[in-house]
Amino acid sequence: MMKTQSTMVIAVTLLLVIFNQAQAKERNNDRPGPPPSFSSLDTNANNEIDFDEFSQQKLPHGDHKTIFSHIDSDNNGVISETEFKDHKPLAKKKD
């Protein structure tokens, strides 16, 4: 009787651990990875990111034009390394 109860406790504990690990992995999949570096976006290595280069990137939310305009603070049509480093990401809109 005692052996059966011990086996049940162990089995339930293992199931809970597996379930919690699966939930944690699922939560981590919802998080975007680290932001890209300036040089990874500047594909032609001219020290500026134009809209064509920027639009090749996958965004976690928002549209390319809105985010590009937000980062391009002097509105000259390209993102400098300073603008890239100094910008604050737009907040994700809640549904």
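The values are calculated or read from the model by the stated rules, or taken from the named source; none is laboratory data. Since the structure is predicted, the reported quantities are computational estimates derived from the model, not experimental observations. As a convention, Cβ positions derive from the backbone with ideal geometry for all residues, glycine included, and neighbour counts pool all protein chains shown. Only protein heavy atoms, including side chains, enter the accessible area calculation; ligands, DNA and RNA are left aside. Shrake-Rupley method; radii C 1.70, N 1.55, O 1.52, S 1.80 Å.
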Checklist entry - Would you call ASN47 modelled with pLDDT of 95 or more, loosely packed, with under 13 Cβ neighbours inside 10 Å and closer than 19 Å to SER37 by Cβ? => result yes
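One residue is enough: does the stretch 78-95 have a residue meeting the conditions of a type in the set (Gly, Ala, Ser) and under 21 Å from the mean Cα position of the chain (by Cα)?
Residues of the stretch 78-95 that are of a type in the set (Gly, Ala, Ser), as a first pass: 80, 91.
Now restrict to residues that are under 21 Å from the mean Cα position of the chain (by Cα): 91.
Within the stretch 78-95, one or more residues are of a type in the set (Gly, Ala, Ser) and under 21 Å from the mean Cα position of the chain (by Cα).
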Item to check | Any chance ASN76 is in a loop (DSSP other than H, G, I, E, B), in contact with a helix residue (DSSP H, G or I) (Cβ under 9 Å, 6 or more places away or on another chain) and modelled with pLDDT of 95 or more | outcome: no
Checklist entry - Of everything in the stretch 32-44 that's over 16 Å from ILE71 (Cα atoms) and open to solvent by 80 Å² or more (accessible area, probe 1.4 Å), which residue is modelled with the lowest pLDDT? => result PRO32
Item to check | Test: residue in the stretch 57-79 that is open to solvent by 60 Å² or more (accessible area, probe 1.4 Å) and of a type in the set (Phe, Trp, Tyr) | outcome: no
